[in-house]
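So the structure is just underneath, and the comments pick up after that.
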Amino acid sequence: MMGRQAFDIWKKGFDAWEKETAALMEGLLRNPALLAPAGKTLTLFMKAKAMSDRAAAEWWGAWGLPTKRDQERSLHTLNELQSRLLDLEAELQDLKDPQTKA
Amino acid sequence: MSRLRNLAKAVLRRPAVGQTPADVVHTENKWRLLRYRASAAPRSHRTPVVLVPSLINRHYVLDLTPGRSFVEYMRDQGHDVFIIDWGTPGPEDRYLEFDTICDRYIGRALRVSTRLAGTKKAHLLGYCLGGTLAAIHAAARPERVQSFVALAAPIDFHDDGLLSLWMQPRFFDVNQVVRAFGNVPWPLLQASFHMLKPTGNLVKGVGLVERAWDDEFLDGFFAVEKWGNDNVSFPGAAYVRYIEALYQRNELVRGEFRLNGIPARLDAIEFPTMAVTFRDDHIVPWSSAHVLLEKIRSADKKHLDLRGGHVGAVVSRKAATGLWPALSNWWAEREAPSETERVHEESRYDSSPRASRSRDGARRAGGSMGDAESRRHERSALRTDELGRPG
């Protein structure tokens, strides 16, 4: 019983703190003075990662090996091909049975 | 102390999610279309319901645990329920276009579901980003849509929410992120959602201790947590278009969005439409979701505004007595005509050979799976086995 009362009192304090903190954090997260440098930092990291990936791909390419990007493109083309075959199958189905056509 | 013991026990009980039995009726790239098996009660509503979940979360939020499952409830009400499971994008899906997902994949899901159900049209429901995708699809290609439900779906991306602000080009260079990562990693997306409410996890923890004596609450809580931490990355090319066209240029609300070259104007939506919004939704603000009803031309439109948050309001016990029956009744009142009824209706006005051929076709279809569909179904099942993906 005592434990329950202590928890309730603590909870009231926590709720009040949380309400204030959440409002403060939201104000910060809306502040362009914080958002602009955060965005620039993210972009810088992204550029650095893209550059290192490109360098690695060029090294593989120099050995005449397919790069990760080459493999991704090939796999994507295969997926596209599968989808187009399904499109074609649907068109044939419509010709065979016009009821299926919307 | 007993609360903490109960909590520890609940942590060790692993929630079994996505338990409603379903068959894979179509697979393509990484996505699958699931059809839930009918319960002991027969399917009393012929129009299929196609559910489109968000791209970055798993589909089983709508089939959380037995007794807390949206699809289980709908199935028990006699609806024929289909759901898209987007799967996990592979590195090659960095090239997957937004329009392919929104046009081809959703179109295919509607086509397969209507064919299997033996109707011309289906009820379409999109949840969160799935609602945005479904709204765009329905606006550009309304042919197979009987009605549309936008469940906490962002439509107006220039709202006063934090996400809308953060995605502006002066703060966020989306192309650099995609160039660096390919697919946008889910931890990055999840971190941005956590930043929307930085104290959210603390509040959740305190709430958990407060209700640690309630086993039912704990099971639901851990099931939602499991789902919330089981995210997927966003296909790169699709993400660029999503951010640039929707968040930055707000093309959908401005009537400028084109899906594979076809205008996707909300004012082209003439079928029954319902927008469901949640008052404590900090991910999709009320104004962003409600604008759909202001933009469409349909005379049959409804707004359901409920208490609760973005996820809780869909999976809670309260949803089982509020949201779910409301949706089930709304769909039941808006049935699509069956193939046979439609042909019969057409033949009253048309005695041409074309109408006669249509009648034969309907008889052949007979409300069951056609030959080609059956063959594809078999191939899909085979492909699923070969790839070792769960059925």
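Just one of B:Leu7, B:Leu12, B:Leu34 is farther than 15 Å from B:Leu116 by Cβ, open to solvent by less than 40 Å² (accessible area, probe 1.4 Å) and of a type in the set (A, V, I, L, M); which is it?
Details: B:Leu12 fails: open to solvent by less than 40 Å² (accessible area, probe 1.4 Å); B:Leu34 fails: farther than 15 Å from B:Leu116 by Cβ.
Going through B:Leu7, B:Leu12, B:Leu34 in turn, just one is farther than 15 Å from B:Leu116 by Cβ, open to solvent by less than 40 Å² (accessible area, probe 1.4 Å) and of a type in the set (A, V, I, L, M): B:Leu7.
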Exclusive hit being free of Cβ contacts under 8 Å to residues at least 24 places away in the same chain, touching a Leu at 6+ places or on another chain (Cβ under 7 Å) and not polar (S, T, N, Q), set A:Arg69, A:Arg73, A:Arg84, A:Arg30: A:Arg30
Could you tell me whether B:Pro53 is in contact with a helix residue (DSSP H, G or I) (Cβ under 6 Å, 6 or more places away or on another chain), open to solvent by less than 40 Å² (accessible area, probe 1.4 Å) and within 30 Å of B:Asn183 (Cα to Cα)? yes
In region B:127-143, residue nearest to the other protein chains (Cβ to nearest Cβ) [restricted to those that are assigned to a helix (DSSP H, G or I) and open to solvent by 20 Å² or more (accessible area, probe 1.4 Å)]: B:Glu143
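This table checks each residue for (1) free of Cβ contacts under 8 Å to residues at least 40 places away in the same chain; (2) farther than 30 Å from B:Ala212 by Cα.
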| residue | (1), (2) |
| --- | --- |
| B:Ser2 | no, no |
| B:Pro15 | no, no |
| B:Pro21 | yes, yes |
| B:Leu34 | no, yes |
| B:Arg43 | yes, yes |
| B:Leu64 | no, no |
| B:Arg68 | no, no |
Please go through region A:73-100 and pick out each residue that is facing chain B (nearest Cβ under 9 Å) and either open to solvent by 100 Å² or more (accessible area, probe 1.4 Å) or outside any helix (DSSP H, G or I) (or both). A:Arg73, A:Leu78, A:Leu92, A:Lys96, A:Asp97
Flagged in region A:1-41 as within 24 Å of B:Asn175 (Cβ to Cβ) and in contact with an Asp or Glu (Cβ under 8 Å, 6 or more places away or on another chain), in numbering order, are A:Gly39
Residue match in region B:314-329 (condition: assigned to a loop (DSSP other than H, G, I, E, B), in contact (Cβ under 8 Å) with a residue 24 or more places away in the chain and away from chain A (no Cβ under 14 Å)): yes
Among the candidates B:Gln190, B:Gln146, which residue alone is open to solvent by 10 Å² or more (accessible area, probe 1.4 Å) and part of a strand (DSSP E or B)? B:Gln146
I want to confirm something. Restricting to region B:97-123 and keeping residues that are over 29 Å from B:Arg43 (Cα atoms) and open to solvent by 10 Å² or more (accessible area, probe 1.4 Å), which single residue is nearest to the other protein chains (Cβ to nearest Cβ)? B:Thr100
For region B:105-120, does any single residue satisfy the condition of being at pLDDT 95 or above, of a type in the set (S, T, N, Q) and not in a helix (DSSP H, G or I)? no
Residue hits (region A:21-51; surrounded by 11 or more Cβ atoms within 10 Å (Cβ to Cβ), more than 7 Å from chain B (Cβ to nearest Cβ) and more than 22 Å from B:Lys197 (Cβ to Cβ)) are A:Pro37, A:Lys40, A:Leu44, A:Phe45, A:Ala48, A:Met51
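The values are calculated or read from the model by the stated rules, or taken from the named source; none is laboratory data. As the structure is a computational prediction, the values presented were derived from the model and not from experiment. In this analysis, Cβ positions are derived from the backbone assuming ideal geometry, glycine residues included, and neighbour counts consider all displayed protein chains. Note: accessible area is taken over every heavy atom of the protein model, side chains too, but ligands, DNA and RNA are not part of it. Shrake-Rupley method; radii C 1.70, N 1.55, O 1.52, S 1.80 Å.
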